[in-house]
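Asks: Can you read through this structure? Questions will come right after.
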Amino acid sequence: MRLRLRRWLRLSLCLLAMLLAGNAPLSHAQQTVIGGSGTDYQPAILRAADGSLLLAFERLDASLSGDLWIARSADDGASWSTPTLAVASAANERHPALLQLGDGSFALFYLKGTGASSSFRLYRATSPDGIAFTEQGQLQLGWPGGGEVNPHVIRHPDGTLTMSYQRLSGGSYLAQSSDGGASWDQLRTLIAASSQLPRVAYRAGDGRYLATYQVGSSSLGIYARTTTDPHDWSASAIPLAVAGDNHDSLPVLMPDDAFVVFYIHANGAQYDIHSRRSADAANFEPVLAQHESVEASDVQPHPLVGTSTSQVQLYWGREAPLGSGDYDIVRLAAATVADRLFGHGFEAPPGFAHNAIN
């Protein structure tokens with residue numbers, strides 16, 4: 001009896017430790033990927049077919065005009081190459097979305113413009129090796145005037161590309177491409193009116209899409225919509241993070257076909273990273289704190305999904321000291337996205353940043 005009791009107590013303590021570890025914020029484990037003075041911001045991360053990691057990001061000057069840079073890691077993110085320019089001009093290039101296509105080449109999507117916000121349009125650049133990119137011109141999305149910003153692009157198993165983007169005149173939209181992003185449908189499909197920064201994920205098993213976006217002006221709420229028809233987003237919006245001030249949502253699909261949404265939540269003067277998981281894109285589990293700190297502001301979280309159902313590599317922009325405008329790109333090598341006790345058993349363990357243009 002005593003032996004059984006001791007075993008039960010040991011197991012109970014082990015389970016409690018795992019539960020606490022799975023839900024505890026990871027405060028000081030971040031690694032600097034792109035450092036130095038200035039504003040390095042808005043990471044877009046992928047694992048290439050050869051196993052290397054590619055990171056695209058925007059580097060802003062004092063007037064917040066950006067160029068796009070690329071860095072590469074051959075050791076799963078432990079170390080990184082010196083960044084090289086991918087897209088640079090006298091115009092303002094920001095908000096990169098990086099993909100590898102079926103033929104092994106790379107495509108980079110971004111906003112570009114000068115002067116008035118109505119000049120902003122979306123562009124594509126391509127590269128055979130992920131190092132040297134050549135701009136291919138403006139995307140034709142069916143709009144007579146400008147004002148498209150904040151592209152987010154995903155690739156389906158059949159090669160279809162789905163892009164969510166924002167119109168500065170108001171609203172979140174979706175378009176699709178069947179030729180690697182060279183041309184897009186002209187349907188101007190509305191995801192949500194009066195919203196900003198839409199991003200989308202897709203589950204091939206049942207053809208389900210999940211889109212998230214933010215609503216408001218200063219204190220923002222994050223909402224989600226789901227559909228199996230990419231041209232019909234009429235289902236009711238789902239409040240995902242509406243208490244307090246929330247920004248920068250990004251949904252991803254995990255290997256177990258669950259969706260996880262990352263976003264930031266205001267904590268006084270700075271922002272912390274949170275996530276929520278859903279098996280059906282409609283009902284979301286409680287919030288997990290991914291990274292919390294009092295000495296810095298953490299914004300624009302972008303996860304890299306691997307083979308684990310409970311963890312991702314997590315990349316984001318980090319402002320330190322708080323209010324300095326000096327952003328570096330940092331990462332967590334293993335950010336827990338599912339409660340390890342109840343979710344999946346016993347697996348191993350943004351000031352200017354939040355303007356309409358992110």
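The values are calculated or read from the model by the stated rules, or taken from the named source; none is laboratory data. The model shown is predicted, which means the values in this text are computed figures rather than measured ones. Every residue, glycine as well, gets a Cβ built from its backbone with ideal geometry; the counts of neighbours run over all protein chains shown. Only protein heavy atoms, including side chains, enter the accessible area calculation; ligands, DNA and RNA are left aside. Shrake-Rupley method; radii C 1.70, N 1.55, O 1.52, S 1.80 Å.
Asks: Determine the relative contact order of the stretch 196-292: mean sequence separation of Cα pairs under 8 Å and six or more apart, normalised by residue count, in whole percent. Spell out each step's value before the answer.
Replies: Details: 227 pairs, mean separation 19.7, N = 97.
With pairs under 8 Å counted, the relative contact order is 20 percent.
Asks: For the chain, what does the accessible surface come to per residue with a 1.4 Å probe? Please give it in Å².
Replies: Numbers: 14360 Å² over 358 residues.
Counting only protein heavy atoms, the per-residue value for the chain is 40 Å².
Asks: Tell me, what ³J(HN,Hα) does each residue in the stretch 323-328 have, in order and in whole Hz, if you take phi through Karplus 6.51 cos²θ - 1.76 cosθ + 1.60 with θ = phi - 60° and put x for Gly and Pro?
Replies: After applying 6.51 cos²θ - 1.76 cosθ + 1.60, I find x, 7, x, 8, 9, 10 Hz.
Asks: Please report, in debye to the nearest 20, how large the charge dipole of the chain is about its Cα centre when each Lys and Arg carries +1 at its beta carbon and each Asp and Glu carries -1 there.
Replies: Computed about the Cα centre, the dipole is about 960 debye.
Asks: Give, rounded to the nearest 20 debye, the magnitude of the charge dipole that the stretch 68-157 has about its Cα centre when Lys and Arg contribute +1 at Cβ and Asp and Glu contribute -1 at Cβ. Working shown, then result.
Replies: On the way: 6 positive and 7 negative charges, 56 e Å.
Dipole of the stretch 68-157, to the nearest 20 debye: 260 debye.
Asks: Separate question: Along the charge dipole of the stretch 43-123, which of SER79, SER119, ILE45 sits closest to the positive end, that is, farthest toward it, with unit charges on the beta carbon of Lys, Arg, Asp and Glu (+1, +1, -1, -1)?
Replies: Of the options given, the answer is SER119.
Asks: Oh, and also: Could you please state, rounded to a whole Å, how far the C-alpha centre of the stretch 277-302 is from the C-alpha centre of the stretch 157-231?
Replies: Measuring centre to centre over Cα atoms gives 20 Å.
Asks: Still on this structure: Which peptide among 191-198, 176-183 comes first, and what is the full order, when sorted by highest mean count of other Cβ atoms within 10 Å? All intermediate terms of the calculation are to be shown ahead of the outcome.
Replies: Details: 191-198: 21.2, 176-183: 16.1.
The densest-packed peptide leads the list: 191-198, 176-183.
Asks: Right, here's the next one. By how many nm would the segment from ALA29 to SER119 grow when fully extended, if each residue of separation counts as 0.36 nm and the alpha-carbon distance is taken off? Could the numbers behind the result be given before it?
Replies: Values: separation 90, 0.36 × 90 = 32.40 nm, distance 4.07 nm.
Net length gain for the segment: 28.3 nm.
Asks: Give me the percent of the accessible area of the chain that comes from carbon and sulfur atoms, probe 1.4 Å, all protein chains in place. Please list the in-between numbers first.
Replies: Values: 7860 of 14360 Å².
The C+S portion of the solvent-accessible surface of the chain is 55 percent.
Asks: Taking H as built 1.01 Å from N, whose amide H comes closer than 5 Å to the amide H of LEU101, not counting residues under 5 places away?
Replies: Those qualifying (amide H under 5 Å, at least 5 residues apart or on another chain) are PHE106, ALA107.
Asks: Taking R0 as 35 Å, what's the FRET efficiency between ALA78 and THR160 from their Cβ-Cβ distance, rounded to 0.05? Present the calculation step by step, with values, prior to reporting the outcome.
Replies: Values: r = 33 Å, r/R0 = 0.96.
According to the calculation, E is roughly 0.55.
Asks: Under the 0.36 nm per residue contour assumption, what length would be gained going from the current alpha-carbon distance of VAL242 and ASP257 to full extension? Don't skip to the answer; put the middle values down first.
Replies: On the way: separation 15, 0.36 × 15 = 5.40 nm, distance 2.51 nm.
The VAL242-ASP257 span can extend by a further 2.9 nm.
Asks: Set the Förster distance to 22 Å, then compute FRET efficiency between ASP50 and LEU85 from the Cβ-Cβ distance, nearest 0.05. Please report the intermediate quantities before stating the final value.
Replies: Numbers: r = 22 Å, r/R0 = 1.00.
After rounding, the FRET efficiency stands at 0.50.
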